[in-house]
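Here the structure is laid out as structure tokens; the discussion comes afterwards.
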Amino acid sequence: MSDTLRPRAALRTAVVWEILQDALQRRTEATGRPALDVLDTGGGSGNFAVPLARLGHRVTVVDPSPDALFALERRAVEEEVADRVRGVQGDVHGLFDVVERGGYDAVLCHGVLEYVDDPAEGVRNTVAALRPEGVLSLLAAGLGGAVLARALAGHFKEARQALDDPNGRWGTGDPVPRRFTVDQLTGLVEDAGLRVGAVHGVRVFADLVPGVLVDTEPGALDALLKLEAAAAELDAFHSVATQLHVLGEARGTTGA
């Protein structure tokens, strides 16, 4: 894994980062272009954009927050990739007010669908931003992980409410407006015209393990990262993951 995403924050990003690097490597091999054009919708301060730029890719970040875009600009300068990172203010619903259609080899849509009014439109727009044979990296909150977390915390009524609520919310104090099942996310990707190349569970264990254990036990972080990577690919753990990742590919492409 890249040192850029190490150490503690890697628990939240490692699985997706590895999948994304692999997908982009396949695109560079297929296109013969080592530098790809990547669009990061809701990319904020550049947790993925800056490391991708360090790999040599050109990244456009669309985010509604001026503060996040300012932090992105500062971070890109510090990492000496300002010439490969561009931030523009906007959101996924008005995506083509600020970026071109069909202009990107890959689009990231991470932590966006939970907050938009129309997730289906959001996915359609991200797909419309792709070049032919492009790839979509879609990451969203998983329903099962929230139910499990509330139950393990002893909040059994909230766990049941999240299970029954059409948006997967456990109550009025829930900070996440919407959560998804695997079927819901894969359905959105397929309805938008892509095939599902892979599905992974993200943060299956990381949010449940006490932080003090990871920080103080020798080798615990590496062991947990390897466990997360192994569990991510197994269907049995998708239903209890905090987040779900779907890799969408143009129909007819292979990989993942």
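Quick notes on this one:
- Set side by side, the residues 8, 74, 12 differ, and just one is closer than 26 Å to residue 226 by Cα, over 17 Å from the mean Cα position of the chain (by Cα) and either at pLDDT 95 or above or of a type outside the set (Gly, Ala, Ser) (or both), which is 8.
- Count - residues of segment 193-216 that are surrounded by 16 or more Cβ atoms within 10 Å (Cβ to Cβ) and not in a loop (DSSP other than H, G, I, E, B): 10
- Residues located in segment 113-134, provided they are assigned to a loop (DSSP other than H, G, I, E, B), of a type in the set (A, V, I, L, M, F, W, C) and open to solvent by 10 Å² or more (accessible area, probe 1.4 Å): 116
- Near pairs, Cβ below 7 angstrom, 6+ apart or cross-chain, from segment 74-88 (assigned to a helix (DSSP H, G or I)) to any residue that is surrounded by fewer than 22 Cβ atoms within 10 Å (Cβ to Cβ): 75/45; 76/82; 84/58
- Some residue of segment 135-154 being in contact with a Phe, Trp or Tyr (Cβ under 6 Å, 6 or more places away or on another chain) and surrounded by fewer than 19 Cβ atoms within 10 Å (Cβ to Cβ): no
- Within segment 162-192, tally of residues that are in contact with a strand residue (DSSP E or B) (Cβ under 6 Å, 6 or more places away or on another chain) and surrounded by fewer than 19 Cβ atoms within 10 Å (Cβ to Cβ): 1
The values are calculated or read from the model by the stated rules, or taken from the named source; none is laboratory data. As the structure is a prediction and not an experimental result, all values here were calculated from the model. Note: ideal-geometry Cβ built from the backbone for every residue, glycine included; neighbour counts use all protein chains shown. Ligands, DNA and RNA are stripped out before the accessible areas are found, and what is left, the full protein with its side chains, is counted by its heavy atoms. Shrake-Rupley method; radii C 1.70, N 1.55, O 1.52, S 1.80 Å.
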